[in-house]
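The values are calculated or read from the model by the stated rules, or taken from the named source; none is laboratory data. If you're wondering where the values come from, they're calculated on a predicted model, not measured in any experiment. All Cβ positions, even for glycine, are placed from backbone atoms using ideal geometry, and neighbour counts span all protein chains on display. Remember, those area values only see protein heavy atoms, side chains included, never the ligands or the DNA or RNA. Shrake-Rupley method; radii C 1.70, N 1.55, O 1.52, S 1.80 Å.
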Amino acid sequence: MQHDFWHQRWQNQQIGFHLSAVNPLLAAHFQALELQAGQRVFIPLCGKTLDIHWLLSKGIRVAGAELSQLAVDTLFTELGVTPTITRCGSLRHYSAGHIDIFQGDFFALDKALLGNVHAIYDRAALIALPPEMRIRYSEHLINLTNGAPQLLISFHYAQSLAEGPPFNISAEEVAAHYAQTYNIHLLADEVLPTGLKGKFPAQEKLWFLSPLK
């Protein structure tokens with residue numbers, strides 16, 4: 001998936017993946033992460049999700065990575081805060097209060113720049129990437145976060161019915177990416193009432209990935 005694809009989606013406001021409220025799966029199952037106020041969650045490919053507003057309201061610190069500058073600028077406008085912006089190599093670091101967003105290529109982010117995180121919330125990253133990028137993505141995510149506990153949202157549908165994104169991610173693929181690092185637990189498996197993109201039968205799944213002991 002090329003950068004131009006996502007820049008065009010944001011420019012044309014083709015952002016059906018952006019929900020108008022906090023994701024119900026996050027609200028219902030956030031406690032699985034057992035986080036305390038002041039701890040830090042990393043959201044890869046975060047967009048301008050309202051889930052960030054919700055997490056901040058719970059006293060959780062948020063770090064995110066997002067390719068689109070338009071998405072990041074909109075996020076801070078909607079939060080009502082003015083960030084400090086620092087150039088970090090090819091990335092731009094937006095910082096304000098309890099939030100840090102790294103704008104640019106996710107794969108350019110390293111552990112030293114990201115800093116310590118206590119958990120990961122992958123709401124729209126793995127499902128946004130084509131198969132050839134997903135292995136590289138999951139390996140980089142594990143390395144960035146030292147295998148922090150993770151809530152992962154996936155969709156399950158017949159890939160032949162529609163082109164991604166979002167892409168179909170099977171349980172077997174989740175295991176292929178993460179079973180060497182995590183215990184994998186399915187917390188929720190819900191039918192999308194209106195289907196995928198309003199057209200195709202689909203299920204939304206929430207996985208809890210807990211580090212192997």
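At a glance:
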{"read-out": "Residues that are open to solvent by less than 30 Å² (accessible area, probe 1.4 Å) and in contact with a strand residue (DSSP E or B) (Cβ under 9 Å, 6 or more places away or on another chain), drawn from segment 178-203", "value": "178, 182, 188, 196, 202"}
{"read-out": "Residue that is farthest from the chain's Cα centre (by Cα), among those in segment 51-95 that are farther than 20 Å from residue 108 by Cβ, open to solvent by less than 70 Å² (accessible area, probe 1.4 Å) and of a type in the set (Val, Ile, Thr)", "value": "81"}
{"read-out": "Hits in segment 20-46 - residues which are polar (S, T, N, Q) and over 15 Å from residue 145 (Cα atoms)", "value": "20, 23, 31, 36"}
{"read-out": "One residue from 37, 28 being open to solvent by 30 Å² or more (accessible area, probe 1.4 Å), modelled with pLDDT of 95 or more, part of a loop (DSSP other than H, G, I, E, B) and of a type in the set (A, V, I, L, M, F, W, C)", "value": "37"}
{"read-out": "Residue that is nearest to residue 105 (Cα to Cα), among those in segment 136-165 that are open to solvent by less than 30 Å² (accessible area, probe 1.4 Å) and part of a loop (DSSP other than H, G, I, E, B)", "value": "165"}
{"read-out": "Selection from segment 107-133 of residues that are open to solvent by 10 Å² or more (accessible area, probe 1.4 Å), touching a helix residue (DSSP H, G or I) at 6+ places or on another chain (Cβ under 7 Å) and part of a helix (DSSP H, G or I)", "value": "107, 111"}
{"read-out": "Failed criterion for residue 175 (all others in (1) open to solvent by 30 Å² or more (accessible area, probe 1.4 Å); (2) modelled with pLDDT under 95; (3) of a type in the set (Gly, Ala, Ser); (4) under 17 Å from residue 126 (Cα atoms) hold)", "value": "(2)"}
